[in-house]
Structures are given as structure tokens and as C-alpha cells.
Amino acid sequence: MFIPKKYLSRRTVLRGLGAGVALPLLDAMIPARTALAQTAAAPVTRFGTVYVPHGVIMDAWMPEKVGRDFEFPLILKSVESLREHVNVVSGLYSEGANAHSACPGFLTACAHAPRGNVIELNTSVDQVIAQHIGTGTTFPSMEFAIEDSSNMFGSCVGDFLCTYMDTISWRTPTQPLPMEINPRVIFERMFGGDGATAEARRIRLKQTTSVLDAIAEDTLGLRRELGASDKLRLEEYLENVREVERRIVMGEQQRQARNIEAPPTPAGIPDSYDEHVGLMFELQALAFQSDMTRVTSFMMGRELSGLSYPQIGVADGHHPVSHNNYNPEKMERKARIDTYHMQLFANFLNRLKNTPDGDGNLLEHSLFLYGSGMSNGNVHNHLNLPVLLAGGAGGKLAGGRHIQVGQLAAERDVAQIPKFDEMKPMANLIVSLLNLYDIEADSYGVDMCESNGAIALS
């Protein structure tokens, strides 16, 4: 390990015209023989949530065996190589009407949204954690999404506002947070520089398409002070930044070349779902790596989503496909979508696993809550929610288990749908997650959604 006489601040930012790039954790940021030398061995822990709409096909999601050494079902096959980093949790439910508008209460453990023009739900778990671990970062939390209701006709249900389906993050019970769908906007926020004006960013973009060109002089000066391992880590990180920007610019050029006119869709959003999701995940990885944020939330789709997936052979919209009437052929198409979403998430997890962070990697030092606020999309219920925990939470959570918290029924009402005689509220899991982040809590939620205990994750 190379330790310079003058160590770098963890908040070091390389700056140029209208641009600022935060750095990943480097050996040069760890002063020798001080308490701060423990930073590499005990780095910060991150938290993220990933939401998928319309539930999943639970027979293709839930392992048959409880505990360790279970067989990964079809939908979860792509994370089998990450077995020791994931836990499947079954037997959880959330309160609320059987409706799409109740599903994004996934992170609030309460789906009793009032009707009419009143906006009120509950502070979501990501925001409770952000208030605890995110206040010292550039962004206390970051919210990502793939689609919103801006260009979707009939995207709201009954008397419920679109708000309840356009976000899963609530800073307070009456303050929902907007989810950003444009990767260019997020990129500019991250690398546009603290306090940089819109005019400065326009000048930079006119002169060059790369933030790395703008910070070249600062980068050159830093390289002279770094050891070999730090130089390699810096180069890999900056190359990832350059690749994200290249993909965003390419997406914009493709839209212009095809003369695509889509006023509701901001420039910078790729035509390809794979590319869009991949960019959003990569931006989250860079934000974690540079410690710009420690908390993210990501909607890979919204309830009532009309997105189709011809790239995997599903030409129908996601929402219609979820209403399968237990037809085996239609259920197979829904399971194909569920599997595809999990594959994209698995790519992200592998990216984190392969990114050094202190004495470990980003996956070991993070925890992601992946799932849906709906279980059986055919009837919109919230019973036995699909929930996956990925990451080690900084060494506090062991993986490789199917944690069943309810009592599975001996018989099923519908042959294809697992049934539980007893279940635990999602709020109980949220209490457990809060405790992992050293937030003392023995209950969570409001009114009939409140929990009274935690779920044993050890």
C-alpha cells in the first residue's frame, strides 16, 4: 500500500469547466497510524431498493426448501452464482386494497393511500436510513426510475393520484420524492460540479462531450501523487464514467438521427430498455463508489406499466401479461419478464461484487431490497410478497438462505400459487433492516400497517 506523506481527503473532487468528479476510496485517502486507517477495513455501508411492478409468478420465484442449500427457481437462476450474497424471504404481506395504487407502499409497509387530492402515506424505509447514514454525502439519497405517468394515458386508478404509482420514496408522510427517468439529468447532477451553472454546463457540452476532458489537468496532477494500485483504481473508475457518458451521448445522437419527436420524453433516454436500465444501474454504482450517495431507490417499471419486451419474445404490455387468468402460456410469458428483470439486477450485483471497496467490495458493503408490492398480479393481492435481499450490509448479514417467516398451507386454493396460513407484515422486515443500520426501532408504520417486532435475519 502506497501512503503519501499528505493524504487525500475522502471528499476530493477533480474539477474543470462546469464539471466535478468525486473519487472512489483510494489508499492515499487513508493516513497511516491513525484511527482513520481503519476506513479501508470498515468502510461505510450503503442501502438500495429495486422495485418491479405487477408481482411475479410465485411458483417460479419461491424456493421449495427453507434454509440453506435450496434450489434456485427459474426467476432467480441468474443470481445463483451469487448464492452467498442473497437471501430470499417468503411469507410477508402488506396491508391495502387489492389495487395497483396500493403497491408502491412496498417501502412504507402501508398501502392505505387516501382517495381524492390528499397525498399522505408514510416515510419510506430508504428515507429513514438516508436520514441516518446519508446526511454527510452530496446526495442524501438518489431516486431512479425507467418510466413515469407523463406520457401514459389512463395511468392512474380511480380516485387515487398518480403520485402513488410514480414513486416508492417518501421523505415524510406527505412529501413523496420524484423519481428521475433521464440518465443525462442524473449524470449532469453527479458530474456537473457543485454550484456549476447551467450556462457553464452548456459551454462544456459545446466544447467537448466528456467531463473527463474538462478535468484533465486536475487528473494529471493527481496521478503524479498516487501509488500504482491507486492509479489503476482511478483509471478503472474514470473509464467507467467515460463509458456512461459515451452511452448517453450515443443515445441522444441515435434519437436525433432517427428524427424521433417525443416531447414528454427528455433527451438522453435510450430507446432500448436494456440500455436504459443498465445506465441507471451504472450511475448508482458510480454514486456508491465515489460516496456521492449511500442510499438509492430504483423503479424498473411502474404499476400499470405498458412496457413490452419484444427482445425476450413478449410483445404484449407488462400489465396485460400480468392478468393471465392462470393460463399456463400467459403465466410463462409473465415469468419470462420476471426472469429478465432479475437478470438485469444480477448484472448490477456482479458489477458491485467486482468493485473493490476498502478491504472488500461494494456488494459486501451494501444491502439491496428487491421486490414488488404485489404478489399475484392476476388478482392484485399483497400476500406472500416476492422479496430478495442482496448484499452483506457491511458484514452484518449472511447470505445463502431462504428465510420463510410464515406458515405454508398444506393445500393451495389455486394450483399455481403458493398459499400461507400465517404471514408476517412487511413492516416487521423493515424493522429488521433499520436495526441492521443501527437505527433503534421495535415498530414501524402507521395505523393498521404498524408492526410490532422484527424478523430474525441471522
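Table for the structure above
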| quantity | calculated |
| --- | --- |
| Some residue of segment 283-300 being assigned to a loop (DSSP other than H, G, I, E, B), touching a helix residue (DSSP H, G or I) at 6+ places or on another chain (Cβ under 8 Å) and β-branched (V, I, T) | yes |
| Conditions (1) assigned to a loop (DSSP other than H, G, I, E, B); (2) at pLDDT 80 or above; number of the one not met by P114 | (2) |
| For L286: the one exception among (1) on the phi > 0 side of the Ramachandran plot; (2) under 19 Å from the mean Cα position of the chain (by Cα) | (1) |
| Qualifying residues in segment 356-383 (those that are outside any strand (DSSP E or B) and under 17 Å from the mean Cα position of the chain (by Cα)) - the one farthest from V241 (Cα to Cα) | G373 |
| Verdict on L385 being closer than 30 Å to N327 by Cα and either touching a Cys at 6+ places or on another chain (Cβ under 6 Å) or touching a residue at least 40 places away in the same chain (Cβ under 8 Å) (or both) | yes |
| Per-region count, segment 406-437, residues within 24 Å of the chain's Cα centre (by Cα) and in a loop (DSSP other than H, G, I, E, B) | 1 |
| Selected residue (only one of F191, F139 is within 18 Å of the chain's Cα centre (by Cα), within 30 Å of L352 (Cα to Cα) and modelled with pLDDT of 75 or more) | F139 |
| Flag if V321 is within 23 Å of the chain's Cα centre (by Cα) and under 24 Å from V79 (Cβ atoms) | no |
| Enumeration of residues in segment 437-449 that are within 15 Å of S94 (Cα to Cα) and either surrounded by fewer than 16 Cβ atoms within 10 Å (Cβ to Cβ) or at pLDDT 70 or above (or both) | S443, Y444, G445, D447, M448 |
| A456 vs. criteria of a type outside the set (V, I, T), assigned to a loop (DSSP other than H, G, I, E, B), modelled with pLDDT of 95 or more and at negative phi | no |
| Residue check, V185 at pLDDT 70 or above and within 21 Å of F368 (Cβ to Cβ) | no |
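The values are calculated or read from the model by the stated rules, or taken from the named source; none is laboratory data. Please read these numbers as outputs of a predicted model, since none were measured by experiment. Neighbour counts run over all protein chains shown; Cβ positions are idealised from the backbone, glycine included.
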